There are 2 protein chains.
Amino acid sequence: MIPTPYLLFLGDAPDQLAAKVAQGIRDWRPEFALGQYRMDGCRADLGLPDMSLAEARAAGARTLVIGVANRGGVISQAWKDVLHAALEQGFDLASGLHNLLRDEPDLVATAERHGRRLHDVRVPAVKYPIANGVKRSGRRCLAVGSDCSVGKMYTALCLEREMRARGMKATFRATGQTGILIAGDGVPLDAVIADFMAGSIEWLTPDNDPDHWDLIEGQGSLFHVSYSGVTLALIHGGQPDALVLCHEPTRTHMRGLPGYGLPTLEQVRDSALEMARIANPACVAVGCSINTQHLPEAEARRYLEETEARMGLPATDPFRFGAGRLVDALAAL
Amino acid sequence: MIPTPYLLFLGDAPDQLAAKVAQGIRDWRPEFALGQYRMDGCRADLGLPDMSLAEARAAGARTLVIGVANRGGVISQAWKDVLHAALEQGFDLASGLHNLLRDEPDLVATAERHGRRLHDVRVPAVKYPIANGVKRSGRRCLAVGSDCSVGKMYTALCLEREMRARGMKATFRATGQTGILIAGDGVPLDAVIADFMAGSIEWLTPDNDPDHWDLIEGQGSLFHVSYSGVTLALIHGGQPDALVLCHEPTRTHMRGLPGYGLPTLEQVRDSALEMARIANPACVAVGCSINTQHLPEAEARRYLEETEARMGLPATDPFRFGAGRLVDALAAL
């Protein structure tokens with residue numbers, strides 16, 4: 001668990017997109033996002049108070065989160081003075097970069113000297129069990145996709161926000177690096193050892209109140225040959241009661257696989273349900289979450305109507321048009 | 001790659017079953033199995049010449065393979081004198097035990113002093129790529145199962161032996177610890193990091209002659225919720241042209257999962273084919289490999305006939321009755 005709240009480090013981000021991780025935290029966990037730290041030349045702005053390390057500490061910040069990615073995902077030497085000073089002033093550091101904090105001997109030394117921790121969310125911090133398949137109490141919804149990067153994390157976060165707004169018990173369960181920084185904990189599933197993948201998801205979504213919903217961030221796709229095994233482990237470890245089918249309608253081929261076309265939503269529904277019912281025979285598909293960011297509004301609405309009629313399931317872009325109808329369907333289960 | 005031939009170390013094996021790994025090497029790679037090394041009290045016997053370390057070295061042995069498992073899979077202190085002496089006399093050591101050779105500082109020191117290598121086949125020795133899904137030349141057959149431990153490794157090995165006897169080009173591709181010790185190399189798939197599972201299988205089964213068959217050892221089952229993700233990565237990384245459906249008819253529930261019944265062979269066929277055709281649309285199921293070890297012969301033959309009629313595919317126990325009809329089906333593709 002990463003101590004909250006955070007000071008979000010934007011460093012020397014060349015543009016807003018480079019601060020995407022920080023933006024995700026600010027959008028989805030505003031209560032964790034106390035302020036931003038920008039270096040000279042930073043061209044990103046989250047609209048949060050600019051704070052010095054001392055100001056943020058005084059305001060209660062406990063972790064400096066590296067919310068910026070530069071080319072190659074490395075820890076820039078230009079950031080080092082700030083990172084050392086943060087450790088000296090009592091901050092933990094958290095990062096989702098490929099290049100790990102723990103592989104920087106100078107940061108390790110400073111952290112040890114000051115009793116602070118380095119949180120590399122890209123690598124598992126837990127020894128996960130092997131999945132036992134035992135039915136758990138509480139309810140679970142998993143976002144499954146036609147492809148990678150079609151909006152599964154945003155879908156789960158939108159569902160959580162809408163459920164909480166209605167006073168329902170709901171927890172977003174992060175399975176990727178950005179999701180973990182947003183939630184403060186989770187399982188970096190793509191970095192888990194094969195034998196423990198499904199077990200890590202059982203661990204992440206334990207027994208809970210009968211009316212509590214785990215909203216599980218999906219990964220990959222059953223139809224993406226590079227990562228499909230990760231997806232199936234999520235489906236079997238998560239034991240979902242409900243699937244939300246995620247799709248991006250302008251994609252012309254599977255991400256990173258030019259030779260592979262996308263499956264239809266019907267294929268996603270059928271394959272995912274068939275596999276999900278091995279672990280939970282009662283699993284159903286409750287709706288479609290369509291990422292319409294590349295469609296003008298009228299076209300987006302037309303696509304949603306057509307999808308809804310074809311699939312016989314509520315279809316929405318939960319980020320653009322709200323997750324209400326998906327939550328209606330989940331609440332009605 | 002583990003240097004061959006081997007001297008098979010049986011240590012103080014309390015019974016024949018404890019030497020199962022050595023037995024597998026002796027059965028499937030007799031050309032690697034130069035002799036056996038037994039300590040006082042050893043109750044296993046492979047029917048190989050008993051050799052001292054010096055005799056085996058003189059006969060050309062290059063690696064001492066720990067072919068015995070004791071309770072907990074640990075490296076027994078009682079073995080240590082022999083293991084040190086082997087390193088001193090020029091042997092590499094190879095082991096598939098949970099407890100790694102490399103985690104024994106005394107063995108590491110002796111190996112370094114004598115320039116020998118410690119081969120822990122339980123952990124990957126290669127940095128595998130992420131799968132790219134590009135179609136490879138050559139042909140591939142994958143054993144898929146209704147459950148774990150139903151005979152997928154033996155099936156692949158039987159197919160290899162029969163193909164080689166017919167002069168066909170064929171290579172067993174190991175994906176588990178015992179298979180790797182038998183073959184001398186392979187991928188310990190259950191220990192691979194999630195993101196690289198499918199890529200490790202692409203690496204294991206590269207472009208080859210158009211008439212060459214890779215016979216890929218299966219792992220887990222799409223229907224086994226603890227390990228299904230590993231199975232799907234094999235299906236998508238392996239791009240099989242042909243599936244052999246493996247089953248053990250006396251199993252009453254999924255291995256280690258008392259609450260889960262076994263799928264039918266029809267379900268295994270349908271789910272595995274549907275997934276396999278994402279990576280290779282031409283994939284077909286060619287036959288059924290039934291592990292009849294717990295059935296008397298008449299009952300076994302009846303079961304095979306019934307299965308063959310029901311599935312419309314050749315059904316055999318390749319270890320008990322030969323793999324000929326399965327190879328006929330593969331050769332006819």
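The values are calculated or read from the model by the stated rules, or taken from the named source; none is laboratory data. As the structure is a computational prediction, the values presented were derived from the model and not from experiment. Glycine also receives a Cβ, built like all others from the backbone with ideal geometry; neighbour counts cover every protein chain displayed. These accessible areas exclude ligands, DNA and RNA; they are computed on the full protein's heavy atoms, side chains included. Shrake-Rupley method; radii C 1.70, N 1.55, O 1.52, S 1.80 Å.
What to note about this one:
- Average accessible surface area per residue within the protein assembly as shown, 1.4 Å rolling probe, Å²: 39 Å²
- B versus A: buried accessible surface, summed, Å² (probe 1.4 Å, to nearest 100): 2700 Å²
- Radius 12 Å from Cβ of A:Asp103, net charge of other residues (Lys, Arg +1; Asp, Glu -1): -1
- Inter-copy label distances at B:Pro3, shortest first and taken from points set 7 Å along Cα to Cβ: 5.3 nm.
- Share of Cα-Cα pairs in the protein assembly as shown lying beyond 35 Å, as whole percent: 49 percent
- Of the residues in segment B:223-258, those shielded by at least 20 Å² of accessible area once partner protein chains are present, compared with the chain alone at a 1.4 Å probe, are B:Phe223, B:Val225, B:Ser226, B:Tyr227, B:Ser228, B:Gly229, B:Val230, B:Leu232, B:His236, B:Leu257.
- Segment A:213-333: antiparallel DSSP beta bridges as a percent of all, rounded to 5: 10 percent
- Positive-pole candidate from B:Val65, B:Leu53, B:Leu87, dipole of segment B:46-99, charges at beta carbon: B:Val65
- Drop in accessible area of at least 40 Å² in the complex versus isolated chain, residues of segment A:165-200, 1.4 Å probe: A:Asp190, A:Ile193, A:Ala194, A:Asp195
- Annotation for B:Thr252, label-to-label distances across the other copies: 5.8 nm (shortest first, one decimal, point 7 Å from Cα along Cα→Cβ).
- Contact order, relative form, for segment A:139-238: 40 percent (alpha carbon pairs under 8 Å, 6 or more residues apart, mean separation divided by residue count).
- Theoretical ellipticity at 222 nm over chain B - DSSP helices of four or more residues, -39500 (n - 2.57) apiece, nearest 500: -10000 deg cm²/dmol
- For chain A, the relative contact order works out to 15 percent when only alpha carbon pairs closer than 8 Å and six or more residues apart are counted.
- Spin-label zone in segment B:310-325 - amide nitrogen under 18 Å from a point set 7 Å from the Cα of B:Glu297 along the C-beta vector: B:316-324
- Label-point spacing for A:Pro206 across the identical copies (point 7 Å from Cα in the Cβ direction), in nm and ascending order: 4.6.
- Neighbours of B:Gln16 by Cβ distance under 9 Å: Lys/Arg scored +1, Asp/Glu scored -1, total 0.
- Cβ-based charge dipole, chain A, positive-most Cα from A:Ser76, A:Tyr128, A:Pro318: A:Tyr128
- Shown is the FRET efficiency for B:Ala54 and A:Ser137, computed with R0 = 51 Å from the Cβ-Cβ distance and rounded to the nearest 0.05: 0.20.
- Here the dipole of segment A:52-133 is about 240 debye; that uses its Cα centre as origin and unit charges on the Cβ of Lys and Arg (positive) and Asp and Glu (negative).
- Set of aspartates and glutamates near B:Lys127 by C-alpha distance (under 16 Å), chain-local residues within fewer than 8 positions excluded: A:Asp190, B:Asp185, B:Asp190, B:Asp195, B:Glu202
- Shielding by other protein chains, B:265-272, mean Cβ within 10 Å: 1
- Dipole magnitude of segment A:68-224 about its Cα centre (Cβ charges: Lys, Arg +1; Asp, Glu -1), debye to nearest 20: 340 debye
- With the charge dipole of chain B set up from +1 on Lys and Arg Cβ and -1 on Asp and Glu Cβ about the Cα centre, the Cα lying farthest toward the positive end among the listed residues B:Ala18, B:Thr110, B:Gly218 is that of B:Gly218.
- Over segment B:151-297, volume per residue of the alpha carbon convex hull, in Å³: 127 Å³
- Carbon plus sulfur fraction of accessible area for segment A:25-154, probe 1.4 Å, in percent: 50 percent
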